[in-house]
Amino acid sequence: MNVNDILNDKTKTWSIFDREVSKSYDLISDLISLRLYRRWCRGLARALPSQPGLNILDLACGTGLIPMAIHEERSDVEDRYTCVDLSEEMLDIFRRKMSGSTLESQLNIQRGDATDLTLESDQYDVVTMACGIRNVGDTLAGLSEIARVLKPGGAVYFLEPSIPNSRILRAIFLAYFRYIVPAVAGLFSNGDAYRYFNRSVENFPYGDGFIEMIESAGFVRCEMRHFTLGAGALYIGYKPE
């Protein structure tokens, strides 16, 4: 399946991670983001409510970078995490990383589809999703499911690459992700898989466009926070009380 096939049918996106990138995902993520992605994950973690004992759902959890970042920032409290992803290979890596860790007992790791969650309604204080919403087959269905499982007043946090507004930074960003990222990724994995990455970022609504999409799903008090000169963005929305 080529890049165009995946872009036209995102229900198959998980297969890229299973077959092509799972084993080298963390390494390549660090390389192509210059480790900025880990900093953005910590930024998301610091944005969470300060209350202890949060019940957190992490969608598109991959190898667990978001739960790990939250745990590092909130090591003095014991939150509960349900971690969901469609890629079993990524989940296996996550489980191996957590084996014997202090975080392991707080995790419920399971395979699942963000557009059709087998989870009860109104049970999570927080839903997080990093580099995942643009890969969902039906974005509005995914947003609807997030709203369903959040408690009234609960918040969703989306962390995504973004495209800077500055013309100069935008040109640098696009050149880097169109040409350098696939070349670097190709040294360790399948470079074509990372051509999907840059095209999915360019094709997905960002900034005000994504805020409008979140609001259309019923979320309120929506906001966006920029990271690294606009190369990353954190979107936050709240389920009405």
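A count restricted to region 71-116 and to residues that are under 18 Å from LYS151 (Cβ atoms) and either touching a residue at least 60 places away in the same chain (Cβ under 8 Å) or of a type in the set (Phe, Trp, Tyr) (or both) stands at 1.
Scanning region 186-213 for residues that are more than 18 Å from the chain's Cα centre (by Cα), at pLDDT 80 or above and within 22 Å of VAL136 (Cβ to Cβ) yields ASP208, GLU212.
Scanning region 22-56 for residues that are farther than 16 Å from GLU160 by Cα, out of contact with any Asp or Glu (no Cβ under 9 Å at 6 or more places or on another chain) and either outside any helix (DSSP H, G or I) or β-branched (Val, Ile, Thr) (or both) returns ILE28, SER50. The set of residues in region 177-219 that are touching a Gly at 6+ places or on another chain (Cβ under 6 Å), closer than 23 Å to LEU34 by Cα and touching a residue at least 40 places away in the same chain (Cβ under 8 Å) contains only ALA185. Screening ILE66, ILE93, ILE109 for residues that are more than 20 Å from ASP30 (Cα to Cα) and either part of a helix (DSSP H, G or I) or not polar (S, T, N, Q) (or both) leaves exactly one candidate, ILE109. Write out, first by first residue and then by second, each pair whose Cβ atoms fall under 6 Å of each other, whose residues are 6+ apart or on separate chains, and whose first residue, in region 155-176, is in contact (Cβ under 8 Å) with a residue 12 or more places away in the chain while the second is surrounded by fewer than 22 Cβ atoms within 10 Å (Cβ to Cβ) and among the charged types (D, E, K, R). Hits for this filter: ILE163/ARG170; PRO164/ARG170.
Pairs meeting the criteria (first residue in region 220-241 and under 11 Å from ILE163 (Cα atoms), second residue of a type in the set (Asp, Glu), beta carbons under 8 Å, at least 6 apart or on different chains) are GLY232/GLU160; ALA233/GLU160.
Of everything in region 24-62, what is more than 24 Å from ALA147 (Cα to Cα), more than 16 Å from the chain's Cα centre (by Cα) and exposed (fewer than 15 other Cβ atoms within 10 Å of the Cβ)? Give them in sequence order. Residues satisfying the conditions are LEU27, LEU34.
One line per residue, one yes/no per condition, for (1) aliphatic (A, V, I, L, M); (2) within 20 Å of ALA114 (Cα to Cα):
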position: ASN135; (1), (2): no, yes
position: ILE163; (1), (2): yes, no
position: SER166; (1), (2): no, no
position: ALA175; (1), (2): yes, no
position: SER189; (1), (2): no, no
position: ALA193; (1), (2): yes, no
position: PHE197; (1), (2): no, yes
position: GLY218; (1), (2): no, yes
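Criterion applied to VAL84, VAL77 was being surrounded by 14 or more Cβ atoms within 10 Å (Cβ to Cβ) and either at pLDDT 95 or above or not in a strand (DSSP E or B) (or both), and the one residue passing it is VAL84. Scanning region 137-151 for residues that are in a helix (DSSP H, G or I), closer than 16 Å to GLU241 by Cβ and not aliphatic (A, V, I, L, M) gives a single hit, ARG148.
Return the residue satisfying two criteria in turn: it lies in region 220-235 and is within 19 Å of LEU150 (Cα to Cα) and either β-branched (Val, Ile, Thr) or touching a helix residue (DSSP H, G or I) at 6+ places or on another chain (Cβ under 7 Å) (or both), and of such residues it is surrounded by the most Cβ atoms within 10 Å (Cβ to Cβ). Going through the qualifying residues, I end up with TYR235. Scanning region 112-132 for residues that are in a loop (DSSP other than H, G, I, E, B) and β-branched (Val, Ile, Thr), we see that the one that is surrounded by the fewest Cβ atoms within 10 Å (Cβ to Cβ) is THR118.
The values are calculated or read from the model by the stated rules, or taken from the named source; none is laboratory data. Computed from a predicted structure; not experimentally measured. Neighbour counts run over all protein chains shown; Cβ positions are idealised from the backbone, glycine included.
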